[in-house]
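Each value in this text was obtained by applying a stated rule to the coordinates, not by laboratory testing. All of these numbers come straight from a predicted model, not from anything done at the bench. Note that we place each Cβ from the backbone using ideal geometry, even for glycine, and neighbour counts take in every protein chain shown.
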Amino acid sequence: MSKRFSTLDTTRLLFEHPKILFRLIERMDRNEARYVRESDLVAEVMDYSRRLGRADKDRVRLALSTDNLFRSGLVIDIIKAEGERRLVFQDALINMMRACNASLYQELTDARLRGHLVTLRDVRDRLEVSSFSEFDPDFTELRDDLNERVSQLIGLLRQNVIRMQTISGQLAELSGDASRAPDRYLEFRQNLFDQIVTLYERHIKPTLVFLNPDTRLPDGSNLFDTLEAMVRLLEANGDHSLADQIFRSALSLNALYKPIQSVAREVEHFLRKTRQGMVQYNAMEHFYSQLRSLKDDTETLSLRRKWLEGGAFARNTGFLVGLRAQQRPKHYAFGQSSSYYQLLLSELDLRLSDIRRQDEVPVLQEVSGSGRNARVDVQRIRRLYDWLESLELRPTEDLVRELHGRLEGFIPGYRPPDLLASLNRLVNTPPPGYQVVTTNRFRILETDSTLPEAGEQFVYRKRRLEPRTEVNDD
């Protein structure tokens, strides 16, 4: 008696060595067939097992033999045609293997989508004459059939979305010859255009039409009109639970329209690329696929591998060389706390009050060259002090930068020495109710390009303007 494996053991071996079925499914899709030739299966098993150890080699070859697959029920039929044997695998097994590899997801064609729509229309028609009674087996079977078909449609469309979102890799494969054969670029572009147009017209566009709620079909209602009609029938007959379930399913289907629409825009944008743009696109996609493979290595059962092992990638590409020595880019964004908005509104109020007091702004006399004029300096400081007396201030963590922002670009003839004079004035004579606190932290202030000292940096000690705390001697 020959050795045989159970269905569980055979399935376990198939998923331990998935590349065999992956290659067979790819060949099925290329040939647009629903079966696997026995010769192809034997060739793949022999080629794959050649790299295994003796024990694993014997186990794989025995488990994936035609007799064992048929006896275990994973192959449901063997067809003899045109002098060869063709194996028909379980649909559940093929679908599981497709779920494990996004590149094996099948794009939905117009014929398959219309088949699902016709089936849902038939369910709607049967629902119109149904009894809606829990004791009627015809209704319960119809309800289960409706749930199964809607769930199956959502699953297929979600797989289709995932498959389409990986289209960038497929476009890179189609345009790979652009960088290697520039002399045949025109011929290549025409072939590329034909392939991508076929992809768009046969798979992407039918799905967009199918998921568009505004689509008008000559042979009947569209998908969402069909589901809405079933929701109305169920609600009218008191089956609110199933009606809510179908309504939520319609919302899920409607949400799948936008990601497919973005894929369509990517394809249209790709068709407008020049040869140089395609070369750049392929380069980015090449290195992106390397990073994805590193990420896939972390998605294993090993709990230790949770970080990308990208040291070799960084050294070979040179993208990250010297990155740690660079400062992080500063981002400017609105905060989420109420105190942030209070501070922002307070700053706007102060700037608006400065604008309203435009007539009171002193015009400081220009000081040119390195010479000094005592009379001019005294007049500048006196006018500046008079203006500071009426200046409205608020508590701030950096008084120097606050003063610079209020003076720069607002007072004609402003220079950095005016900032120092203003700061000394506030330190010695702070505004009523406030005090200036000097810290040991240093900051750097860069002058504006319109000032005479443009491009210079000044190091200053950080000072805070705080409300004065009353000291009770009692």
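Between Lys57 and Thr198, what FRET efficiency comes out of the Förster formula 1/(1 + (r/R0)^6) with R0 = 30 Å and r the beta carbon distance, rounded to 0.05?
Details: r = 41 Å, r/R0 = 1.37.
So, using R0 = 30 Å, E works out to roughly 0.15.
Taking +1 at the Cβ of each Lys and Arg and -1 at the Cβ of each Asp and Glu, which of Ser103, Leu117, Phe135 sits farthest along the dipole of region 90-143 towards its positive end, judged by Cα position relative to the Cα centre?
Ser103
Out of all Cα-Cα pairs in region 7-100, roughly what percent, to the nearest whole number, are more than 19 Å apart? Write down the numbers at each step before the final one.
On the way: 1523 of 4371 pairs.
When all Cα pairs of region 7-100 are counted, 35 percent exceed 19 Å.
Let me have the relative contact order for region 7-100, percent, based on Cα pairs under 8 Å that are six or more residues apart.
Working: 85 pairs, mean separation 29.0, N = 94.
So the answer I get is 31 percent.
Between Arg126 and Arg12, what FRET efficiency comes out of the Förster formula 1/(1 + (r/R0)^6) with R0 = 35 Å and r the beta carbon distance, rounded to 0.05?
For R0 = 35 Å, the calculated efficiency reads 0.30.
About its Cα centre, what dipole magnitude does region 7-100 give when the only charges are +1 on Lys and Arg Cβ and -1 on Asp and Glu Cβ, stated in debye to the nearest 20? All intermediate terms of the calculation are to be shown ahead of the outcome.
Details: 18 positive and 16 negative charges, 54 e Å.
For region 7-100, the charge dipole is close to 260 debye.
Under 20 Å from a point placed 7 Å out from the Cα of Arg441 along the Cα-to-Cβ direction: which residues of region 387-403 have their backbone N that close?
Residues 394-403 fall inside that zone.
How would you rank 289-298, 411-420, highest first, on the average number of other Cβ atoms within 10 Å across their residues?
Descending packing order for the listed peptides: 411-420, 289-298.
Just add up the charged neighbours of Gly310: K/R +1, D/E -1, any other residue whose Cβ is under 11 Å from the Cβ of Gly310.
Values: positive: Lys295, Arg315; negative: Asp297, Glu309.
With Lys, Arg at +1 and Asp, Glu at -1, the net is 0.
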